[in-house]
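Novice: Just dropping this structure here.
The values are calculated or read from the model by the stated rules, or taken from the named source; none is laboratory data. All values reported here derive from a predicted model rather than from experimental measurement. Glycine also receives a Cβ, built like all others from the backbone with ideal geometry; neighbour counts cover every protein chain displayed. Heads up: the accessible areas ignore ligands, DNA and RNA and are worked out on the full protein's heavy atoms, side chains in. Shrake-Rupley method; radii C 1.70, N 1.55, O 1.52, S 1.80 Å.
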Amino acid sequence: MHTAPLKSYLLIGILMLGLSACGKKDDKSVATQVAAKVGSEEISVHQINQILSRSNTAGVTPEAAKAMGKEVLEKLIDQQLAVNKALESKLDRTPETVSALEAAKRDILARTYLQKIASALPKPTQEEAKKYYDEHPQLFSQRRIFNIQEIVAPVTPGLVEQLRAMAAASKSMDEVAKQLQSKNIKFNGGSASRPAEQIPLELLAKVHALQDGQSLVLDTPQSVTYLRLASSQSAPVDPTTALPRIEQFLSNQRATEAVAAEMKQLRASTTITYMGEFQATQQAATTAPLLATQEPKKDTPNKPLAPMDKAQSTIEKGVAGLK
């Protein structure tokens with residue numbers, strides 16, 4: 001049962017319920033069907049379905065869906081009981097509650113507007129998805145699962161060149177570690193198994209080009225990484241499995257770009273004046289992403305992999321689960 005997503009959506013339900021509770025009762029939507037009454041307040045089947053529609057119910061059996069509906073109803077009853085007592089205690093009039101409700105209202109309105117922009121965009125075609133599939137064989141037709149070892153050290157004069165020479169000679173991780181220890185250079189090491197979609201696209205081509213046992217060196221202004229491909233296994237993804245995921249990824253990508261363009265245009269056409277201590281930040285101001293579909297910033301070509309237990313790439317959001 002998908003209890004975790006339901007809890008998060010129930011929190012949204014509390015906010016929405018709180019907003020409606022602060023208005024006039026005459027403004028409430030007429031329920032077409034009542035699921036329960038809590039005192040004089042009604043909980044409609046529509047409220048239950050609305051929350052369920054935001055949860056992941058794909059592939060859920062009718063029996064499981066019915067059980068989920070009952071669970072949602074019990075949560076809504078608990079919500080209404082708490083709301084009733086809050087209103088009796090006039091908690092809806094406290095500065096903290098008024099501020100929180102206004103913040104929730106602003107967030108909902110902003111997200112609704114941006115989601116309206118995203119929903120108006122044309123859906124990616126199957127031809128576009130197939131083109132993406134063909135242009136990224138490392139993610140699909142030639143997909144591999146990589147067992148990677150890393151040693152990360154701070155930048156030291158001459159270290160990049162030394163490590164590249166060791167990589168060319170296919171030196172082992174133990175040999176690299178001993179070399180760093182002999183120079184009193186502190187380093188961190190780790191290893192992990194990662195499918196192709198968990199590696200940033202800009203780096204994936206370099207890792208994919210490695211044969212088992214080969215290494216490469218990645219450097220940034222702050223650190224240098226000795227990366228060794230201990231082993232790998234082929235795990236291709238066929239078009240039938242991949243194309244629906246790719247279409248979703250392309251849709252998310254298109255929405256991200258449209259939202260970013262809209263926010264840029266709104267900022268350009270609106271006078272925004274920073275006050276007080278924030279005046280100094282006016283020139284460096286950037287637009288914060290507001291949609292859950294927002295892509296993370298892409299990694300630079302020579303950026304090392306993220307920590308082994310936390311890596312997540314742009315493509316992973318769109319094509320995760322293609323195993």
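Novice: In segment 235-247, is there at least one residue being hydroxyl-bearing (S, T, Y), out of contact with any strand residue (DSSP E or B) (no Cβ under 9 Å at 6 or more places or on another chain) and within 27 Å of T125 (Cβ to Cβ)?
Specialist: yes
Novice: I'd like the full set of residues that are under 26 Å from L87 (Cβ atoms) and open to solvent by less than 40 Å² (accessible area, probe 1.4 Å), limited to segment 46-55.
Specialist: Hits for segment 46-55 are I48, I51.
Novice: Right, something else. Among residues belonging to segment 220-255 that are in contact with a Leu (Cβ under 7 Å, 6 or more places away or on another chain) and surrounded by fewer than 18 Cβ atoms within 10 Å (Cβ to Cβ), point out the one that is nearest to A168 (Cα to Cα).
Specialist: Among those residues, the one meeting the criterion is T241.
Novice: Being in contact (Cβ under 8 Å) with a residue 24 or more places away in the chain, open to solvent by 90 Å² or more (accessible area, probe 1.4 Å) and under 16 Å from T240 (Cα atoms) is the filter here; which residues of segment 122-132 pass it?
Specialist: Q126
Novice: Also: Condition first: in a helix (DSSP H, G or I) and in contact with a helix residue (DSSP H, G or I) (Cβ under 7 Å, 6 or more places away or on another chain). Now tell me which residues in segment 180-217 satisfy that.
Specialist: The answer is A196, E197, Q198, L201, L204, A205, H208.
Novice: For segment 95-109, which residues satisfy the criterion of being of a type outside the set (D, E, K, R) and open to solvent by 40 Å² or more (accessible area, probe 1.4 Å)?
Specialist: P95, T97, V98, S99, A100, A103, I108, L109
Novice: A follow-up question, please. For segment 133-145, indicate whether the set of residues that are open to solvent by 50 Å² or more (accessible area, probe 1.4 Å), in a helix (DSSP H, G or I) and farther than 27 Å from S223 by Cβ is non-empty.
Specialist: yes
Novice: Within segment 146-190, which residues are over 11 Å from L227 (Cα atoms), open to solvent by 30 Å² or more (accessible area, probe 1.4 Å) and β-branched (V, I, T)?
Specialist: Those that are over 11 Å from L227 (Cα atoms), open to solvent by 30 Å² or more (accessible area, probe 1.4 Å) and β-branched (V, I, T): V155, T156.
Novice: Using the structure shown, decide if Q80 is touching a residue at least 60 places away in the same chain (Cβ under 8 Å) and of a type in the set (S, T, N, Q).
Specialist: Spelling it out, Q80 is indeed touching a residue at least 60 places away in the same chain (Cβ under 8 Å) and of a type in the set (S, T, N, Q).
Novice: Need the failing condition index for A58 against (1) loosely packed, with under 14 Cβ neighbours inside 10 Å; (2) in a helix (DSSP H, G or I), just the number.
Specialist: (2)
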